[in-house]
Amino acid sequence: MKTFFYPRLAASGMIKNKRMYLPFILTCTGMVMMFYIIIYLAVSSVLDNLIGAESLRQMFALGSWVIAVFAAIFLFYTNSFLIKRRKKEFGLYNILGMGKRNIARILFWETVITAVVSVIAGLAAGIAFSKFAELGMVNIMHGEVSYDLSVSFVAVLRSVEVFGVIFLLLLCNSIRQVRFSSAVSLLRSENAGEKPPKGNWLFGICGALLLLGAYYISATIENPLAALMVFFVAVLMVIVGTYLFMISGSVIFCRLLQKDKGYYYKPNHFVSVSSMVYRMKRNGAGLASICILATMVLVMMASTTCLYFGEEDAVLTRYPRDINLEFQFDDLSDFLDEHTEILKNGVYEELKAKNVLLRNDYRYRVATFYGVVDGNTVDVDPTGISDTDFMNSAYVFRFIPLADYNELMGADETLADGEALLYSHRTNYNADAVSFKNGETFRIKKKLDTLTGGSETAMDMISTITLVVPELESSLRRLDGIANFNGDSLLQKKWICSFDTGMDPEEQIALYQDLTETLRRDPSSSVKLGYKSVYISSQEFEKNDFYGLFGALFYLGIILSLAFTVAAVLIIYYKQISEGYEDQARFLIMQKVGMTKPEIRASINSQLLTVFFLPLLLAVLHVTFAFPIIRKILLMFNLNNARLFASTTLLTVAVFALFYTAVYRLTSNAYYKIVSGLGGER
């Protein structure tokens, strides 16, 4: 009988507090399930049939670590609500003669029960839904479906190990809190923090400044590569700024409401504001956590959804024609008209021999290199360029000869020596000249609005400036003499030829493979046609890579968003429940002095509406200002469809707001039942 005393006592305490424990166990179960599913997908043999399988495995492995770290942090946070609720009970046990060691045994068995139920239920749910997850992933990434059901023992073992460690740490933390608390402090734990807090204006101002700084970075950043580098700095600023602003600003906000006599001295506002002001300093962190989680969900779902539904746009941006050829040369002298004419005739004869009917074809010569812009001066010497200058002010410069431009665009432009036409991509260049150190200076005769081709610029993470010059060899000979660290010329010299075929996808891929064999692997072709190397791409062939990458990102975004949404919902629920128990005595007193239940309901609605939607509104504000920097990052995925990104963002915000409102309705009812005396035992 004595053997089962502590397990029964632990189970009894959990049943009596099922309102707190059941959501916690369900959340642990969900975390285990999601962790198992991600590991299952990472080691699934189905990935072997998908292009980019190794990248997908790494992505899902990274996602599993994100879930593990997040689960540890979040379960520690939510477990604090449970311990706070149980401290009064443990304090009573301690006064009645039960020692701290005996209480630790109760905590041990509570943890064991929670861990066993959560892990077993989570693994069972994970195994049950893993096949659906796999089918969903394969469908999103346009792979071949397999209906074989399997269990990953690697995923099972990893799940048991990770969550075993998490529950062990939770147990140690719970024992620590009880061990270093007196019986009196345990009994009064639910009433701790009743001293009216003071709003710290310094913290509030610092939080606001951090948020404004992050917003400024997002709104002013131009370079996609720089956007990626500073994105994590901006995220950190937003997180810290949100916590400082919500913790301090919420207290100041309630104080300001108290000073507004027209608002404060009303029955439904008086009780709610006076209750909030006592706990805002403590619960501001909870509101900030909800805000950060909501922001993460909105950003993640909006961006990955945009990538998934914009994958066709991304493919067309990177590969504008069915077949795209890029021939590279060693020397500028190879760019003479007679040399490129030989190359053109050789390629077209090869295509004619393969019965390929060219459509929408274009071709042009281009020379490219990197340079750092300072005003209208460009430094192209890598030995004098710092990493910071390169990150902030680097551009890709592309040079196209006038003859090729006129043929490409069907134009009839003319240029004098030293003149150039300018086309900018992902940037605005407003100077009337471009001067290259150790090279030529070009006066800008005209700025171009459009330029056909240039698909290779989609691969560049930084801004691009294209200059149409009278002739390549004479214009770039001095620049070509500048060497990089390896002794090779900075200038990359290419002849680009792209065309549509009108073929079926299978025929296009077959043509791509045939051309790869002929032009890339046959040494006689390069010798005969005068090129150093060739890069060949097929729109149809490359689609699978895009589908795989964007589909995996979208799928991972869904799983992580579910985890963060569940976390936000549980924080909201525990806030409502714990605050309901804190406010129960106050509202019972108000009922005794004449406050009716409709007035209680009105006061509760006033209180919840005052603070409940603050995290959502601030999250929407974060997403609004994050829009520019995220759009820059999406450019690195060849996605430049701002309208699509705006649409997915608005849709994500609308759906999340509806879900958030539904959670508000459900949790406010639970709060009302507690404070009105209908919520059962305290």
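Observations, loosely collected:
- Residue check, Leu658 closer than 20 Å to Leu293 by Cα, part of a helix (DSSP H, G or I) and over 20 Å from the mean Cα position of the chain (by Cα): yes
- Hits in region 62-82 - residues which are β-branched (Val, Ile, Thr), surrounded by fewer than 19 Cβ atoms within 10 Å (Cβ to Cβ) and at pLDDT below 80: Val66, Ile73
- Of residues in region 93-139 being charged (D, E, K, R) and in contact (Cβ under 8 Å) with a residue 12 or more places away in the chain, the one surrounded by the fewest Cβ atoms within 10 Å (Cβ to Cβ): Lys100
- Scan of region 435-450 for residues that are modelled with pLDDT of 80 or more and surrounded by 19 or more Cβ atoms within 10 Å (Cβ to Cβ), ordered by number: Phe436, Phe442
- Residues of region 389-423 satisfying the condition of being polar (S, T, N, Q) and modelled with pLDDT under 90: Asn392, Ser393
- The sole residue among Val165, Val184 that is among the β-branched types (Val, Ile, Thr) and at pLDDT 90 or above is Val165.
- Region 220-239, residues that are modelled with pLDDT of 85 or more and more than 15 Å from the chain's Cα centre (by Cα): Met237
The values are calculated or read from the model by the stated rules, or taken from the named source; none is laboratory data. All of these numbers come straight from a predicted model, not from anything done at the bench. No Cβ is skipped: glycine too gets one built from the backbone with ideal geometry, and neighbour counts run over all protein chains shown.
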